[in-house]
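What follows is a single structure, written as structure tokens, with notes after it.
The values are calculated or read from the model by the stated rules, or taken from the named source; none is laboratory data. None of the values given here were measured: they were computed from a predicted structure. Here the Cβ positions follow ideal geometry from the backbone for every residue, glycine too, while neighbour counts run over all protein chains shown. Quick note on the areas: whole protein, heavy atoms, side chains included, nothing else; ligands and nucleic acids left out. Shrake-Rupley method; radii C 1.70, N 1.55, O 1.52, S 1.80 Å.
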Amino acid sequence: MEQLRFSTLDSAGVLLCLFAILVRFTVTAEQEGENLSGLSTNPDKDIFVVRENGTTCLMVEFAVRFTVPFDVLALNGIDLITENAYLALPRGADIEGKCGSQDAHIHISWNDNAYTLRIYFVKETSGKGDDVWKISKVQFVYDTSEKTHFLNPYNPGKHTASTHHLSALETPAGRSYVCEAKQTLTLISSDHQKGVTVAISDVQIQPFDINSDFMFSEAYKCITDQREQLEETLPLILGFILGLIIVITLSVYHFHLKLTAATQSQLPCDRSMYKNM
């Protein structure tokens, strides 16, 4: 009987230890989101950070605008016509997020959860064998009964617009994605399959492998920015090459003139001296 009681107490102790370890792990793995948009000098740009154990694990900086189609009743009271609501991601949004080794996400909500933008990230091995991260899914939840942007909507309510089989912003692991140019995504809405447009610009994102608190890792520029930079520098490069060709041509011509003048100065001026030649 005493042996049985000892075993029971011992098992209870083990369970308590496991529970304590689990609680400690939960506390140490606490993640929180911070809105740092007030630090941006661009009034249209938002800055959001997810931190784990007091260290940054996900950072997002961008300017986002939405074009949301919705139905309104025509003047005849029978037909439906489509209007567009235009809204931007505000600075005062609330955020929450999750950091992981292979997947992460950030949820941004505003206007008492009338609007929520959800972005999901994955980290995987590409076909070339390199580790990369990318955006795997974007969702936008909106409420057409919110009267700030939706005027006289027909059958107002909440809708969810989502991407399908998305693979965007593919970036080498350990680097941040940077793009100043505007990029657009089309999300298919639960509101009669309408297309919601999400325009993103002035972007810098990194959901994994952040080495310094509040600091992005080495930037990986988008192809659009690289092309625009090439278009800006190409005329300068061509102008430099053309100028160099002109300088070389003038130098060769000047050398040729000097050589010709030196040769002519060595020839005899009296033609009678050619008789014995």
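Yes or no: residue 114 without any contact (Cβ under 8 Å) to a residue 24 or more places away in the chain and among the small types (Gly, Ala, Ser)? Considered against the rule, which asks whether it is without any contact (Cβ under 8 Å) to a residue 24 or more places away in the chain and among the small types (Gly, Ala, Ser), residue 114 comes out as no. Within region 173-188, the set of residues being without any contact (Cβ under 8 Å) to a residue 40 or more places away in the chain and part of a strand (DSSP E or B) comprises 184, 186, 188. Given the criteria hydrophobic (A, V, I, L, M, F, W, C), over 16 Å from the mean Cα position of the chain (by Cα) and open to solvent by 30 Å² or more (accessible area, probe 1.4 Å), does residue 151 qualify? Spelling it out, residue 151 is indeed hydrophobic (A, V, I, L, M, F, W, C), over 16 Å from the mean Cα position of the chain (by Cα) and open to solvent by 30 Å² or more (accessible area, probe 1.4 Å).
Taken over region 154-172, residues that are open to solvent by less than 60 Å² (accessible area, probe 1.4 Å) and not in a strand (DSSP E or B) amount to 3. Filtering region 130-148 to residues that are under 19 Å from residue 184 (Cα atoms), charged (D, E, K, R) and open to solvent by less than 50 Å² (accessible area, probe 1.4 Å) leaves only 134.
Cβ separations smaller than 9 Å between residues 6+ apart or across chains give the following pairs from region 71-86 residues that are more than 22 Å from residue 140 (Cα to Cα) to residues that are among the β-branched types (Val, Ile, Thr) and in a strand (DSSP E or B): 73/81; 74/81; 80/72; 81/72. For region 186-194, the count of residues that are in contact with a Leu (Cβ under 8 Å, 6 or more places away or on another chain) and at pLDDT 90 or above is zero. Just one of the numbered conditions (1) aliphatic (A, V, I, L, M); (2) more than 17 Å from the chain's Cα centre (by Cα); (3) under 27 Å from residue 39 (Cα atoms) is not true of residue 108: (2).
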